[in-house]
Structures are given as C-alpha cells and as structure tokens.
1. Given (1) in contact with a Pro (Cβ under 8 Å, 6 or more places away or on another chain); (2) assigned to a strand (DSSP E or B); (3) farther than 20 Å from G155 by Cβ, identify the lone condition not met by E54.
2. Just checking, does segment 161-180 include any residue being within 11 Å of the chain's Cα centre (by Cα) and more than 21 Å from L207 (Cα to Cα)?
3. Could you tell me which of the residues T29, T66, T8 is of a type in the set (V, I, T) and over 20 Å from R205 (Cβ atoms)?
4. Taking the conditions exactly as written (touching a residue at least 60 places away in the same chain (Cβ under 8 Å), more than 20 Å from R83 (Cβ to Cβ) and either out of contact with any Cys (no Cβ under 7 Å at 6 or more places or on another chain) or of a type outside the set (D, E) (or both)), does H116 satisfy them or not?
5. Output the residues belonging to segment 73-109 that are surrounded by 14 or more Cβ atoms within 10 Å (Cβ to Cβ), outside any helix (DSSP H, G or I) and either charged (D, E, K, R) or on the phi > 0 side of the Ramachandran plot (or both).
6. How many residues are touching a helix residue (DSSP H, G or I) at 6+ places or on another chain (Cβ under 7 Å) and either buried (at least 20 other Cβ atoms within 10 Å of the Cβ) or over 16 Å from A12 (Cβ atoms) (or both) if we restrict to segment 47-59?
7. Is it the case that A42 is small (G, A, S) and open to solvent by 40 Å² or more (accessible area, probe 1.4 Å)?
Amino acid sequence: MRTLYVVTHPEATHHVEGVVGGWHDLQLTPAGVRAAVSIAQALRAQIPDGAEVELFSSDLQRTLQTAEEVAELFGVKPISDRRMREKSYGEAGGKPQEWLDRRFVPPPAVGERMNHDEGVEGSETKAAWAQRIYTAMDEILQNPCEHQIIVTHGGSLTFVVASWIKMPIESAGYASFRAPSGSITTLREDDFFHNRQVVRLGDARHLDSAQDG
C-alpha cells in the first residue's frame, strides 16, 4: 500500500499583500508558520511511528518552510525539487494581482488550452507546467516508499492529482482540483488492484487549531 500526502503550503505574504505569487519567492506569514506546525502534527498523527517516510518539496521559501516543520517531526530531510513549483507568471510575479488581471488572456472554452498564450511576457504555458509536474511525479513514484509527503502549491496540486490518476497530459486542459491553502490531500494505491484513489481532497480540518495560536 502506498500513500501520498500532498500539502498545499499555508498562508504566505502574497496572500495578504495581494500580489502575484508564482515563482516570486515569498515567505510564510506568522499565521502560515502556525498552520505549518498544525500540518506537521496532522501528518504525524496519520503515519505510523517507525514507518519509512520520504519528504519532497518545491524549492521556494514558502514550501520549504512548511516542509521543514514536517521534517522536524519525522526526522527526515526534505528533498527539494524546483519542478514542484507553482506556475510561473513571468513578469507578473510579485506585481499587484490587479496588474495581472488587466492583462491576463483566459483560455478558450473550446480549442487549444494547454499551449494557450495568456498574454503575459515569460508566463509558463499550462503544457510546460503540467509536464514538469508529471515528470517529477514519475520519479517520486519510482521509489517503493509506502509513505511519501509532497509539499507544493495550490495550483500545482491539480497536476499532481492528474498525474496520480494517470490522466493524459493532453486531457488535462480542463482539469481543476481545488484545495485551500495549508490543506492535505491524501492519495492511496492498493497492493492488489493497484487502483489509485483520491481518498481526501484538500482536507483543512487541522487548521482549526492554528487559527488563534
């Protein structure tokens, strides 16, 4: 039995400052740090003591800060992987969200969505974004470890889940698996049928304890 726990990093400074995140390298807010502690505790409660655990993280500060809280409770070192980053918004990264909103060209309802040009210089296409997530997931899943934790970003979660259920990339243009910041998505593969289940998407119950801390 293999179980993946996919964490979307909690509140970071771009969430409260109203700026575009993407590859813009930001830190967690104090509330985000408290939430990261709660995430680590929730994972510790779900994974048996003594079980082998692997921990992977996007290489941006907000995800690595979250992963470090998890690492401390499990006694493991996070494996940093830039392929697990959020989508790059090119020159919009770090600018006010309204700056991006004025320029953003949404994908068509019908037609080419994966290689669609969103109208922002340097912005990553959905195809490039999905491809790097899928490639990273293929490598992570080559390891036989039964408990793996991935710390990533809210947008990238869609392609983590799409890859997990083996959705072809060319079919992922309409996919959207939304989850709150600081959530845990649980994915499981059984040893008999080798079916890949989405056990729980975007569970944020553990964050209740972090609200007032």
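1. The number of the failed condition is (1).
2. Our first condition is that a residue be within 11 Å of the chain's Cα centre (by Cα); within segment 161-180, this holds for 161, 177-180.
Filter once more, keeping what is more than 21 Å from L207 (Cα to Cα): 161.
Checking segment 161-180: at least one residue is within 11 Å of the chain's Cα centre (by Cα) and more than 21 Å from L207 (Cα to Cα).
3. On the way: T66 fails: over 20 Å from R205 (Cβ atoms); T8 fails: over 20 Å from R205 (Cβ atoms).
Answer to the check: T29.
4. On the way: touching a residue at least 60 places away in the same chain (Cβ under 8 Å): no; more than 20 Å from R83 (Cβ to Cβ): yes; either out of contact with any Cys (no Cβ under 7 Å at 6 or more places or on another chain) or of a type outside the set (D, E) (or both): yes.
So H116 does not fit the description; no.
5. D81, R85, E86, K87, G94, K95, listed by residue number.
6. First, the residues of segment 47-59 that are touching a helix residue (DSSP H, G or I) at 6+ places or on another chain (Cβ under 7 Å): 53, 55-59.
This time we only want the ones that are either buried (at least 20 other Cβ atoms within 10 Å of the Cβ) or over 16 Å from A12 (Cβ atoms) (or both), so: 53, 55-58.
Summing the residues that are touching a helix residue (DSSP H, G or I) at 6+ places or on another chain (Cβ under 7 Å) and either buried (at least 20 other Cβ atoms within 10 Å of the Cβ) or over 16 Å from A12 (Cβ atoms) (or both) in segment 47-59 gives 5.
7. no
Per-residue answers, yes or no, for (1) surrounded by fewer than 18 Cβ atoms within 10 Å (Cβ to Cβ); (2) among the basic types (K, R); (3) over 24 Å from W164 (Cβ atoms):
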| position | (1), (2), (3) |
| --- | --- |
| L4 | no, no, no |
| G18 | yes, no, yes |
| G32 | no, no, yes |
| Q61 | yes, no, yes |
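The values are calculated or read from the model by the stated rules, or taken from the named source; none is laboratory data. This one's a predicted model, so the numbers in the text were calculated from it and none came from an experiment. Cβ coordinates were reconstructed from backbone atoms using ideal geometry, including for glycine residues, and neighbour counts include every protein chain displayed. The protein model used for the area step is the full one, side chains on, heavy atoms only, and it has no ligands, DNA or RNA in it. Shrake-Rupley method; radii C 1.70, N 1.55, O 1.52, S 1.80 Å.
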